[in-house]
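Shown next, in structure tokens, is the structure this report addresses.
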Amino acid sequence: MMLATFGLSKHFPIRGAFRATTRLRAVDDANLRIGSEEIVGLVGESGSGKSTLGRCLLRLIEPSAGEVLFDIPDETLKEYEEARSNADAARAADIAERFSLLRRSSSEMRTLRRHMNIVFQDPYSSLNPRWKLTDVIAEPMISTRFCTRAEADDRARDLLREVGLPEFFENRYPHELSGGQRQRVAIARAISTHPRLLVLDEPTSALDVSVQAQILNLLRTLRDKYSISMLLITHNIAVVAYLAEQVYVMYAGVIMERGTKAKVLREPQHPYTKALMSAVPIVGERKVRTILRGDPPNLVDPPQACRFHPRCPVAFEICGWTAGEIAEDLEFLLRGKYYATFGDQVQVVVESDERLRVEGISGPSNVQTLIDNEKAEVRSLSGIRTVIVQGGGVVLDLYPPVDPILYPTPDGRGVKCLLYRPPAAGSV
């Protein structure tokens, strides 16, 4: 296994106006696997944490928690997984000491850098505008002591030809190139030290469509020639469909689904993946698009339990509904559609995380009728467990939330959705 992560998280501290520090949870509990010579796609909308995760893998950003194991034999990885599941901390620590990137010193990481590299989204910003192209390509070979300066210059000229640029470009500067040419230079720089792992952060998003296919074909050729493992980060489903073999779907800092390209893209299981794929046009096929309500969550205060539940069209009782979320939707219905029934004296009061009180009404029957009529459309109402009269008002108790994990499915994928949670032992 070229790379495996366990519970990888990145939380950015944010200092408030009164020196109170909160945290933006950009990546949470990410478990990723990249096999030898494998291209893995990581897809999701803007702001989902894809690029942050990619940088954490290479320690360009230091993770807040978790583990990153690099170039670990499959048998040893299996031993590590068993040690973690059996709470054998000593055995897990011994394996991590040998293969963890997070336990390497700065000097050790400098040596390891030759085995891993990254291609950034914007090829112009990632290239030093004051350096000639040979200097740009030679720099990682020199900084990691991969070869001497003279050897690096010779290899830089060879790499220019290999990525499809003429040798006379060696004395040009980045501003003299087109976007596609600059990205070819960035790729040449990334493969200059014969890396075993390459992180591609939106490598085609800044390019014209006509150039994108050329870059993707180049990446595939280089993978086959140099036996490179790749993580392809993109929001473009077509790019993943063309190049990747395994696919991970990310939303709000959390991996929602993983599996082979054929299974995830053709038969998505997670409600978010289904919505994502419904937006991809297919020639000759009429599709019904799933329109998600609301916006992606604020990662300073993300939704509890399943992060997708406030927007999920099939969310149910235990997905993570809070009293605040239900109160907002219930108040909207009481003040609008059901104003004639309840009037203007009704109030919704949040008493705790799992309890609401509706004041200004005499009995629960009308509230129960509202819930039964609307919960198919207003999914938060499904989180109400009981409706009872208490102390001059109607008390609504909520279902306790359940945190989902990546549940394994019969077809070999993982889906982070409670719809796929195995039934409890002894249940019918």
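The values are calculated or read from the model by the stated rules, or taken from the named source; none is laboratory data. Bear in mind the structure is a predicted one, so any value in this text is a computation, not a measurement. Cβ placement follows ideal geometry from the backbone for every residue including glycine, while neighbour counts extend to all protein chains displayed.
Looking only at region 296-334, count every residue that is in a helix (DSSP H, G or I) and over 16 Å from Asn373 (Cα atoms) and tell me the total. Residues that pass the stated criteria total 5.
Criterion first (assigned by the TED database to the domain that holds Leu231, among the β-branched types (Val, Ile, Thr) and surrounded by 22 or more Cβ atoms within 10 Å (Cβ to Cβ)) does Ile142 satisfy it? Judged against the criteria, Ile142 is not a match. In this entry, Ile72 passes the filter for residues that are part of a loop (DSSP other than H, G, I, E, B) and within 13 Å of Ala4 (Cα to Cα).
The set of residues in region 178-233 being closer than 22 Å to Arg258 by Cβ, crowded, with 24+ Cβ neighbours inside 10 Å and modelled with pLDDT under 95 consists of Pro203 alone.
Here Ala206, Ala238, Ala188, Ala213 are screened, and the one residue that is at negative phi, of a type in the set (A, V, I, L, M) and assigned to a loop (DSSP other than H, G, I, E, B) is Ala206.
For region 1-60, give me each residue that is part of a loop (DSSP other than H, G, I, E, B), of a type in the set (Gly, Ala, Ser) and closer than 24 Å to Glu79 by Cβ. Those that are part of a loop (DSSP other than H, G, I, E, B), of a type in the set (Gly, Ala, Ser) and closer than 24 Å to Glu79 by Cβ: Gly35, Ser36. Checking region 398-421 against the condition returns a match, with at least one residue being farther than 30 Å from Thr260 by Cα, at pLDDT 95 or above and over 29 Å from the mean Cα position of the chain (by Cα).
If you scan region 1-50, which residues turn out to be touching a Ser or Thr at 6+ places or on another chain (Cβ under 9 Å) and of a type in the set (Val, Ile, Thr)? Hits for region 1-50 are Ile14, Val27, Ile34, Ile39, Val40, Val43. Restricting Leu159, Leu165, Leu200, Leu232 to those that are without any contact (Cβ under 8 Å) to a residue 40 or more places away in the chain, in the same structural domain as Ile72 (by the TED database) and not in a helix (DSSP H, G or I) reduces the list to Leu165. Under the condition of being in contact with an Asp or Glu (Cβ under 9 Å, 6 or more places away or on another chain) and outside any helix (DSSP H, G or I), which residue from region 75-108 is surrounded by the fewest Cβ atoms within 10 Å (Cβ to Cβ)? Taking the candidates together, the pick is Asp88.
If you go through region 88-145 one residue at a time, how many are among the small types (Gly, Ala, Ser), under 26 Å from the mean Cα position of the chain (by Cα) and more than 15 Å from Phe70 (Cα to Cα)?
The total comes to 2.
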